[in-house]
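S.K.: Before I ask anything, here is the structure I am working with.
The values are calculated or read from the model by the stated rules, or taken from the named source; none is laboratory data. These numbers come from a predicted model, not from an experiment. Cβ placement follows ideal geometry from the backbone for every residue including glycine, while neighbour counts extend to all protein chains displayed. What goes into the accessible areas is simple: the full protein's heavy atoms, side chains included, and nothing from ligands, DNA or RNA. Shrake-Rupley method; radii C 1.70, N 1.55, O 1.52, S 1.80 Å.
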Amino acid sequence: RLAPAEQALLQALFHAYARLALEVEFRSGYSGARTFLALPIRPDGRADAYTIAKLGEAGSIRQEYDNYRTYVEHTLPPVTARIQDRPVVVEGTGNRRQGTGSGKSKIQNLKSKIPLAGLRYTFIGEPGQRPVSLRQALLAEPDPALLEKLFRTFGPNWWMQRRPYTFRLAQEYDRKLPSHYTLEPAAGKGVLFDGRVGPEEVGWQVGDVVTLRHFRVVERKADGQLSLRGETQSGQPPLRLRWLSPADPEGATARVVATRDSLLKEWTAEFDKSVFDCHGLPEPLAALPGLLNETVSGTQSTIHGDLNLENILVGPGGLVWLIDFANTRDGHTLFDFAHLAAEIIAHVLVLPPVSAEGYVPLLLEEEGGLLLRTLREIAGRCLFNSDRPREFDLALALSCLGALKHSNLDAAARWRLYIAAGWAIQF
């Protein structure tokens, strides 16, 4: 089903054609974008080559195109998907539903005008053989060779171009965790909340009323909510807020409805924490502040930045390629591998029901464990010091904790991620 704005965008994106057949919709990770395998058909009835069309919020799509031009265009292997043209933008409008993300405050309807944009990627494949996401491929057959092929294809120009990089984990991995605060509009006047300070310099609690200053909008969500960011402080990650309104946040009065800590505790409240004592594992939430403050000697390379299972496509013959470069940047080389490992734990490592105690030894056993071992071995080739794999373990722990925020996870997936975070911290 297409919203009117999505239909208008596809008509603009394929304006030279008489018809467009949407044959497959891929899941699009967590951004709310939609990605289709499309067959454009000329006025005379002849079909052109298949293409992949991606639709999403205009700012994110523009960022994807800019990142592609900066980091990706000249580093791709010869046979892979490429962006064909500049983004096409249309104005979107419709009723959106707004919530806090914590599930505890009322949901209200609001009308929002959200610009949408679209990109076309070239399609890699053979007639009659459709690509599948890496998630679909691994669920059908958990073949670690696909992970090896991904590394061989993109590694030489991306992850193996390593430069020494010493950093606090918060600088790279704070962005994976939930926003520092979730706020909704409030009446009256609040205490100044200045985006020019770092996360460690404020300590708001649920219910506090503040006035927002010096935050900029970095993303407009599909439900009309905004992601805000403060100014980056030296050695600290910027403050990140979820603003439950489409209105301009500058100077607005807001009430804190959730903090990072309250959300993480809410998502893990029903877990039996005694399992960590049974296996001698650190309890992840208690360890989180210390993890973010730890300094790592690693390397920096071009990274995808959102290497989830839906952004990796598998075609005929096991050909592997990437889409969605909205978060591509220069960053910690192991960032992508840790992110992908957390994805596999959440969405592929669906093991027979076992007790919490029984899950820990299964992390590196069975077919799912083979995938994790393969990723760990691949990451080992990119370590700053091959004798110190803790560089990857710390990245994996924070990636697992960050993945808890995704709304498409059930309780079992969150439990797997939480145990995996504790398992990784121990090393």
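S.K.: Within region 37-89, which residues are in a loop (DSSP other than H, G, I, E, B) and in contact with a Gly (Cβ under 9 Å, 6 or more places away or on another chain)?
M.R.: We begin by selecting, within region 37-89, every residue in a loop (DSSP other than H, G, I, E, B); these are 42-46, 48-50, 73-82, 84-87.
Result: Tyr50, Pro87.
S.K.: Among the listed residues Ile114, Ile61, identify the single one that is modelled with pLDDT under 75, open to solvent by less than 10 Å² (accessible area, probe 1.4 Å) and not small (Gly, Ala, Ser). Step through it out loud before you land on a result.
M.R.: Working: Ile61 fails: modelled with pLDDT under 75.
Exactly one of Ile114, Ile61 is modelled with pLDDT under 75, open to solvent by less than 10 Å² (accessible area, probe 1.4 Å) and not small (Gly, Ala, Ser), namely Ile114.
S.K.: Please indicate, with yes or no, whether at least one residue in region 191-200 is assigned to a strand (DSSP E or B), of a type in the set (Val, Ile, Thr) and open to solvent by 50 Å² or more (accessible area, probe 1.4 Å).
M.R.: Pass one, region 191-200, residues assigned to a strand (DSSP E or B): 191-194.
Going one step further and asking which of them are of a type in the set (Val, Ile, Thr), we end up with 191.
From what is left, the residues that are open to solvent by 50 Å² or more (accessible area, probe 1.4 Å) are 191.
Yes: one or more hits.
S.K.: Same structure again: What are the residues in region 201-251 that are hydrophobic (A, V, I, L, M, F, W, C), within 24 Å of Glu64 (Cβ to Cβ) and in a strand (DSSP E or B), if any?
M.R.: Across region 201-251, the qualifying residues are Val217, Val218, Leu226, Leu228, Leu241, Trp243.
S.K.: While we're looking at this one, here's another question. Go through region 378-398 residue by residue and tally those that are among the small types (Gly, Ala, Ser) and in a loop (DSSP other than H, G, I, E, B).
M.R.: 1
S.K.: Now a separate question. So which residues in region 83-96 are modelled with pLDDT of 90 or more, open to solvent by less than 90 Å² (accessible area, probe 1.4 Å) and not β-branched (Val, Ile, Thr)? Walk me through it before giving the result.
M.R.: Taking region 83-96 as the starting set, the residues that turn out to be modelled with pLDDT of 90 or more are 83-89.
Okay, now just the ones that are also open to solvent by less than 90 Å² (accessible area, probe 1.4 Å), so 83-85, 87-89.
If the condition is that a residue be modelled with pLDDT of 90 or more, open to solvent by less than 90 Å² (accessible area, probe 1.4 Å) and not β-branched (Val, Ile, Thr), then Gln84, Asp85, Pro87 are the ones that fit.
S.K.: Could you look through region 300-346, keep only residues that are open to solvent by 10 Å² or more (accessible area, probe 1.4 Å) and of a type in the set (S, T, N, Q), and pick out the one that is farthest from Ile378 (Cα to Cα)?
M.R.: Asn327
S.K.: Looking only at region 251-285, how many residues end up being of a type outside the set (Lys, Arg) and touching a His at 6+ places or on another chain (Cβ under 8 Å)? Working first, answer last.
M.R.: Our first condition is that a residue be of a type outside the set (Lys, Arg); within region 251-285, this holds for 251-254, 256-259, 261-264, 266-272, 274-285.
Next, from what is left, pick out any that are touching a His at 6+ places or on another chain (Cβ under 8 Å): 259.
Total satisfying the criteria: 1.
S.K.: How about region 269-287: which of its residues are modelled with pLDDT of 90 or more and farther than 18 Å from Phe392 by Cβ?
M.R.: Filtering region 269-287 for residues modelled with pLDDT of 90 or more gives 269, 283-287.
Matches in region 269-287: Ala269, Glu283, Leu285, Ala286.
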